[in-house]
Amino acid sequence: MTGAFFSRYLLELTTEERNEVKKVARELLAKLKDLLVLNWRHKIEARSQLKLAIEDTLDYGLPLAYTPELYRQKCSALFEHVYESYPERNAGIYV
C-alpha cells in the first residue's frame, strides 16, 4: 500500500514529500489492523470509523502538493481498496 497506491497519479514530489507519503501509508496500515473488526464490512460504525481514519490520516500527513480534489480522490480510492482487499479481519492481502 505504501508507494504504489499514493503515486498512481504523477505528482512532482520532492524526496522529503515522498518520504512523508510513505510514512502516512505505514501509519495508516498500522491503524487498519485495529479498525478491521470481525464482520467490519457489515457494520456501519466500523465502516465509518475506517473512512474517518483514512481521511484524518491523509489530511494530517499528506504533503501540500496534494490538492483538496486529489485528497478527496485518494480518500475515496483508498477506502475502496481496503474494502476490496480486506474481506474480513486478518484476511487481507497485507496481513
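Would you check if residue 95 is β-branched (Val, Ile, Thr), over 11 Å from the mean Cα position of the chain (by Cα) and either at pLDDT below 85 or surrounded by 14 or more Cβ atoms within 10 Å (Cβ to Cβ) (or both)? Considered against the rule, which asks whether it is β-branched (Val, Ile, Thr), over 11 Å from the mean Cα position of the chain (by Cα) and either at pLDDT below 85 or surrounded by 14 or more Cβ atoms within 10 Å (Cβ to Cβ) (or both), residue 95 comes out as yes.
Okay, residues lined up against (1) more than 13 Å from the chain's Cα centre (by Cα); (2) not in a loop (DSSP other than H, G, I, E, B):
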| residue | (1), (2) |
| --- | --- |
| 19 | yes, yes |
| 32 | no, yes |
| 37 | yes, no |
| 53 | no, yes |
| 56 | no, yes |
| 60 | no, yes |
| 65 | yes, no |
| 75 | no, yes |
| 87 | yes, no |
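A Cβ distance below 9 Å, combined with a sequence gap of six or more or placement on separate chains, defines the contacts here; from region 17-41, residues that are on the phi > 0 side of the Ramachandran plot reach residues that are among the hydrophobic types (A, V, I, L, M, F, W, C) in the pairs 39/46. Can you say whether residue 25 is in a helix (DSSP H, G or I) and among the small types (Gly, Ala, Ser), as far as the supplied structure shows? Yes. Restricting region 24-83 to residues that are charged (D, E, K, R) and more than 27 Å from residue 12 (Cα to Cα), the residue that is modelled with the lowest pLDDT is 33.
The values are calculated or read from the model by the stated rules, or taken from the named source; none is laboratory data. Since this is a predicted model, take the numbers as computed values, not measurements. Every residue, glycine as well, gets a Cβ built from its backbone with ideal geometry; the counts of neighbours run over all protein chains shown.
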